2 protein chains.
Amino acid sequence: MEKALKGACIIGQSGGPTSVINSSAYGVIRTALDNENITRVLGAAHGIKGVLDDVLYDMGEEDAKELELLMNTPSSELGSCRYKMADPDADDTDYKRILEIFKKYNVRYFFYNGGNDSMDTCAKISRYMARSGWECRVMGVPKTIDNDLNATDHCPGFASAAKYIATSCAEIYKDARVYDVGMVCIVEIMGRHAGWLTAASALAGVVGCGPDLIYLPETNFDMERFVADVERVYKERGNCLVAVSEGVHYADGSFVSEAKTSATDGFGHAQLGGLASLLANVVKQRLGVKVRGIELSLLQRCAAHAASAVDVREAFMAGKVAVESAVAGETGKMVGFKCTRENGEYRCEYELVPLDSVANFEKKVPAEWITPDGTGVTRELIDYALPLIQGSIERPTEHGMPRYARLKKVQAK
Amino acid sequence: MEKALKGACIIGQSGGPTSVINSSAYGVIRTALDNENITRVLGAAHGIKGVLDDVLYDMGEEDAKELELLMNTPSSELGSCRYKMADPDADDTDYKRILEIFKKYNVRYFFYNGGNDSMDTCAKISRYMARSGWECRVMGVPKTIDNDLNATDHCPGFASAAKYIATSCAEIYKDARVYDVGMVCIVEIMGRHAGWLTAASALAGVVGCGPDLIYLPETNFDMERFVADVERVYKERGNCLVAVSEGVHYADGSFVSEAKTSATDGFGHAQLGGLASLLANVVKQRLGVKVRGIELSLLQRCAAHAASAVDVREAFMAGKVAVESAVAGETGKMVGFKCTRENGEYRCEYELVPLDSVANFEKKVPAEWITPDGTGVTRELIDYALPLIQGSIERPTEHGMPRYARLKKVQAK
């Protein structure tokens, strides 16, 4: 074990919010507040921008009960950003400023909670601090509904989004076949480059309510084949539920949502509706059947009311392990999950992985987990994702509505 | 008490599905199966169409446990229809057929579970049976997320939809203000003529996460005023969450979703996106801010995972009371709710109301519950709706997914 390093810590949140990113923040904050080597716990307003702007909240000023409610609070409570740090060799302005702030508050621990870009930010800061001689331990806490982070079995945030998507698809399945007239329902799911979330819609199949067709961005989309697929299913079953990733693209790489096909000419203004509306219109025009496009939109990433208990717990642990590891001397790492699924038993262990192995790499759904015809996923995908969506947590309510954390956000001086 | 009338009963479901219509069906089925005067319980496939087509399921053949799972199963498990019955004086073909089926199975009780149109169907069948001399007691069991039925405090289905909408709005509120750049979020909510569901978005306000602006179809929509409202709120608060009913219309009665305004000229194809996309585009074009349109779509009526416990219980009771009242001699009535909300205590009693007072009348949000500027609702609306969304029910799951009823649907001979 390293010698004890005493000083303040900063926790920042970055990128798109999730249902459980605040559980990770709470894992960091609670563990840090309870650790004798960490003299002060600061929350950065809007991620790294809060550091640059010197807007830091003193977490020690918060009520313990309110902090605990972060476990039930969706979105990024400290605020988020999408700020891409320059390469320090090209422009070190931001890094100098960060070092200045770190010195001002004697920051010796920096925890950054986010996805690919955030791990990149983490890695750059870590290297810069090492070079500048300011001892500061930098740890990444993973987060992304997209589940596209490398070097970890999965990412906190994914499971709750997956659970929401699968549950919603099952409910849509029930709703869309209620009349004696059939219907095609097209559900658009997030995931620009990786199809994990769309693939998770298949989990609805374990209760017999799964999509008939699933299209991921890992394969090339073909409009004619899509129309033929829908027609075939609709003729066979009288209904058709389609799950489609927002990121599906043609063979030339162009997004279907942005392209004008001959079938949509004249009204193919993708910015008006989204992909779901576009495809719904194509199906309506070509097959003349009743059709509805549904975009799950923001709700899939912020529907904390339907969060997975496994996800909430793991998200918290990711934050806790980050603090404990940093205090023990680790730096330049991200907390990864190493999981086994043997004989129906799921186990998750936490391990540290170098930030460099994570940053700027997108993990996609393996080709062998996609059916050969590109319209579904295999049993391996189900076995992978199903353990992650288990359980619900008891969520405090107020007047029947979810009770979220209300932080004072006292700015540090 | 009337003399005991022995015979079979039919239960049919009609109109758009809800999260709890199956609780009402279960209320009817369970109570009828347990009643000694009811010799057989038949479920009509797709409402009245199942009667006309002689497709009736024998509920006595179902496993009791599966039937009980109807309490957790969204959508209309027996199938629904949108079939408008002719006036029997103009064309009695359907009525003759219904009488034939009633005689074939010795049907002495008919329970119909639906909204306005279904109560109209009920009323017509009731009158025809009385006239034809076939003793059959006809009872309406209310259902509609729109909450627009007359002569009842509220309708089963509304509360669960309201709870889903309010919870989702709170979650979107949290999500949409995560960045340091503001955002306008426009949430489109069901309700073509009555604004109850859109008004229910205000319940998110009890935890401080309510919409900034709410537009109901009870008032006339003005695009210029809307843009000015959004601009004002956005400037004041840095963000703006808008809840808007799909049925908002201009002063001339034309639906905003179908109209082309000058601001949308060139891409105002309402059929592509919905109203939310249309308004989002207007705001983007006029104010140049970040904006997102979200349509809650089918999920608001079928999201059983977020159902209100009060709603589930009341829906069941509506079915139960219908059967008990019919056996006791009542006919031509709908089960209505008579509620008090005194000193924070909510009580609901069941009373019978004549079908004629319900059919073909749409109850709207009272003008005095809408703020004078037409962009919000008053405390009265909150006090009315809040007691209805209380509580969640323990929902059986299977592999972490909701376990729905799986009926055998054995066709009656």
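Please determine whether any residue of the stretch A:326-341 is within 14 Å of chain B (Cβ to nearest Cβ) and over 21 Å from the mean Cα position of the chain (by Cα).
Yes, the stretch A:326-341 contains at least one residue that is within 14 Å of chain B (Cβ to nearest Cβ) and over 21 Å from the mean Cα position of the chain (by Cα).
Out of all the residues in the stretch B:53-94, which are of a type outside the set (Asp, Glu) and free of Cβ contacts under 8 Å to residues at least 40 places away in the same chain?
We begin by selecting, within the stretch B:53-94, every residue of a type outside the set (Asp, Glu); these are B:55-57, B:59-60, B:64-65, B:67, B:69-76, B:78-86, B:88, B:90, B:93.
Within the stretch B:53-94, B:GLY60, B:ALA64, B:LYS65, B:LYS84, B:ALA86, B:ALA90, B:THR93 qualify.
Which residues, taken from the stretch B:153-168, are farther than 21 Å from B:MET71 by Cβ and more than 10 Å from chain A (Cβ to nearest Cβ)?
B:ASP153, B:ILE165
Just the residues that are more than 8 Å from chain B (Cβ to nearest Cβ) and in a loop (DSSP other than H, G, I, E, B), please, taken from the stretch A:390-399.
Those that are more than 8 Å from chain B (Cβ to nearest Cβ) and in a loop (DSSP other than H, G, I, E, B): A:SER392, A:ILE393, A:GLU394, A:ARG395, A:PRO396.
Output the number of the condition that B:ASP180 fails; it satisfies all remaining conditions of (1) assigned to a loop (DSSP other than H, G, I, E, B); (2) closer than 20 Å to B:GLU380 by Cβ.
It fails just one condition, (2).
Could you please find all residues in the stretch A:288-324 being farther than 26 Å from A:PRO396 by Cα, touching a strand residue (DSSP E or B) at 6+ places or on another chain (Cβ under 6 Å) and in the same structural domain as A:ASP120 (by TED's automatic domain parsing)? Walk me through it before giving the result.
Step one: of the stretch A:288-324, the residues farther than 26 Å from A:PRO396 by Cα are A:288-295, A:322-324.
Filter once more, so that each one left must be touching a strand residue (DSSP E or B) at 6+ places or on another chain (Cβ under 6 Å): A:289, A:291-295, A:322.
Within the stretch A:288-324, just A:ALA322 meets the criteria.
Being outside the structural domain of A:SER245 (by TED's automatic domain parsing) and in contact with a helix residue (DSSP H, G or I) (Cβ under 7 Å, 6 or more places away or on another chain): is that true of A:ARG97 here? Outline the logic, then answer.
On the way: outside the structural domain of A:SER245 (by TED's automatic domain parsing): yes; in contact with a helix residue (DSSP H, G or I) (Cβ under 7 Å, 6 or more places away or on another chain): yes.
Here the answer is yes, as A:ARG97 does meet what is asked.
Could you figure out which of (1) touching an Asp or Glu at 6+ places or on another chain (Cβ under 8 Å); (2) away from chain B (no Cβ under 11 Å); (3) at pLDDT below 95 isn't true of A:ALA251?
Exception for A:ALA251: condition (3).
Let's see how each residue does on (1) within 14 Å of chain A (Cβ to nearest Cβ); (2) under 24 Å from the mean Cα position of the chain (by Cα); (3) at pLDDT below 95:
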{"residue": "B:CYS185", "(1), (2), (3)": "yes, no, no"}
{"residue": "B:ILE189", "(1), (2), (3)": "yes, yes, no"}
{"residue": "B:ARG192", "(1), (2), (3)": "no, yes, yes"}
{"residue": "B:THR198", "(1), (2), (3)": "no, yes, no"}
{"residue": "B:GLY205", "(1), (2), (3)": "yes, yes, no"}
{"residue": "B:CYS209", "(1), (2), (3)": "yes, no, no"}
{"residue": "B:LEU216", "(1), (2), (3)": "no, yes, no"}
{"residue": "B:ARG225", "(1), (2), (3)": "no, no, no"}
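Run down B:ASP91, B:ASP54, B:ASP34 and say which single residue is more than 25 Å from the chain's Cα centre (by Cα) and either closer than 30 Å to A:VAL207 by Cβ or not assigned by TED's automatic domain parsing to the domain that holds B:PRO396 (or both).
Exactly one residue qualifies, and that residue is B:ASP34.
Inside the stretch A:1-79, counting only helices (runs of 4 or more DSSP H) that do not spill past its ends, which hold 1 or more residues that are buried (at least 24 other Cβ atoms within 10 Å of the Cβ)?
Where helices (runs of 4 or more DSSP H) fall fully within the stretch A:1-79 and carry at least 1 residues being buried (at least 24 other Cβ atoms within 10 Å of the Cβ), they are A:21-33, A:48-52.
Of all residues in the stretch A:227-249, which are of a type outside the set (Gly, Ala, Ser) and either under 24 Å from the mean Cα position of the chain (by Cα) or over 17 Å from A:VAL187 (Cα atoms) (or both)? Before the answer, list the steps.
Of the residues in the stretch A:227-249, the ones of a type outside the set (Gly, Ala, Ser) are A:227, A:229-237, A:239-242, A:244, A:246, A:248-249.
Passing the criteria: A:ARG232, A:LYS235, A:GLU236, A:ARG237, A:VAL242, A:VAL244, A:GLU246, A:VAL248, A:HIS249.
Identify, from the list A:GLU349, A:GLU342, A:GLU362, the residue that is out of contact with any Ser or Thr (no Cβ under 9 Å at 6 or more places or on another chain) and within 28 Å of B:HIS399 (Cβ to Cβ).
Only one candidate passes the filter, namely A:GLU342.
Look through the stretch B:169-183, keep the residues that are at the interface with another protein chain (Cβ under 8 Å from one of its Cβ atoms) and hydrophobic (A, V, I, L, M, F, W, C), and return whichever of them is nearest to A:TYR404 (Cα to Cα).
So, considering only residues that are at the interface with another protein chain (Cβ under 8 Å from one of its Cβ atoms) and hydrophobic (A, V, I, L, M, F, W, C), the one nearest to A:TYR404 (Cα to Cα) is B:ALA170.
Where residues in the stretch A:108-140 are among the small types (Gly, Ala, Ser) and under 17 Å from A:GLY157 (Cβ atoms), which of them is farthest from the chain's Cα centre (by Cα)?
Here the answer is A:GLY140.
Checking B:TYR179 against (1) touching a Cys at 6+ places or on another chain (Cβ under 6 Å); (2) without any contact (Cβ under 8 Å) to a residue 24 or more places away in the chain, which test does it fail?
(1)
Look through B:PRO387, B:PRO372, B:PRO402 and report the one residue that is more than 13 Å from every other protein chain (Cβ to nearest Cβ) and of a type outside the set (Val, Ile, Thr). I'd like the intermediate steps shown before the answer.
Values: B:PRO387 fails: more than 13 Å from every other protein chain (Cβ to nearest Cβ); B:PRO402 fails: more than 13 Å from every other protein chain (Cβ to nearest Cβ).
One residue alone meets the criteria, B:PRO372.
I'm trying to understand the selection: among the residues of the stretch A:279-332, which are surrounded by fewer than 24 Cβ atoms within 10 Å (Cβ to Cβ) and among the basic types (Lys, Arg)?
A:LYS284, A:ARG286, A:LYS290, A:ARG292, A:ARG313, A:LYS320
For the stretch A:111-163, what are the residues that are of a type in the set (Ser, Thr, Tyr) and part of a helix (DSSP H, G or I)?
Of all residues in the stretch A:111-163, those of a type in the set (Ser, Thr, Tyr) come to A:112, A:118, A:121, A:126, A:128, A:132, A:144, A:152, A:160.
Correct list: A:SER118, A:THR121, A:SER126, A:TYR128, A:SER132, A:SER160.
Can you name every residue in the stretch A:58-95 that is β-branched (Val, Ile, Thr) and within 14 Å of chain B (Cβ to nearest Cβ)?
The first filter runs over the stretch A:58-95 and keeps only residues β-branched (Val, Ile, Thr), leaving A:73, A:93.
Within the stretch A:58-95, just A:THR73 meets the criteria.
Does B:ALA359 meet the test of being more than 20 Å from B:LYS163 (Cα to Cα) and touching a residue at least 40 places away in the same chain (Cβ under 8 Å)?
yes
Return the residues of the stretch B:282-335 that are hydrophobic (A, V, I, L, M, F, W, C) and not in a helix (DSSP H, G or I); say none if nothing qualifies.
B:VAL289, B:VAL291, B:ILE294, B:LEU296, B:LEU298, B:ALA303, B:ALA307, B:ALA328, B:MET334, B:VAL335
Restricting the search to the stretch A:102-117, which residues are surrounded by fewer than 20 Cβ atoms within 10 Å (Cβ to Cβ) and closer than 13 Å to A:GLY47 by Cβ?
Within the stretch A:102-117, A:ASP117 is the sole residue that qualifies.
The values are calculated or read from the model by the stated rules, or taken from the named source; none is laboratory data. Keep in mind that what you see is a predicted model, and the values were worked out from it rather than measured. Positions of Cβ are backbone-derived with ideal geometry, glycine not excepted, and every protein chain shown enters the neighbour counts.
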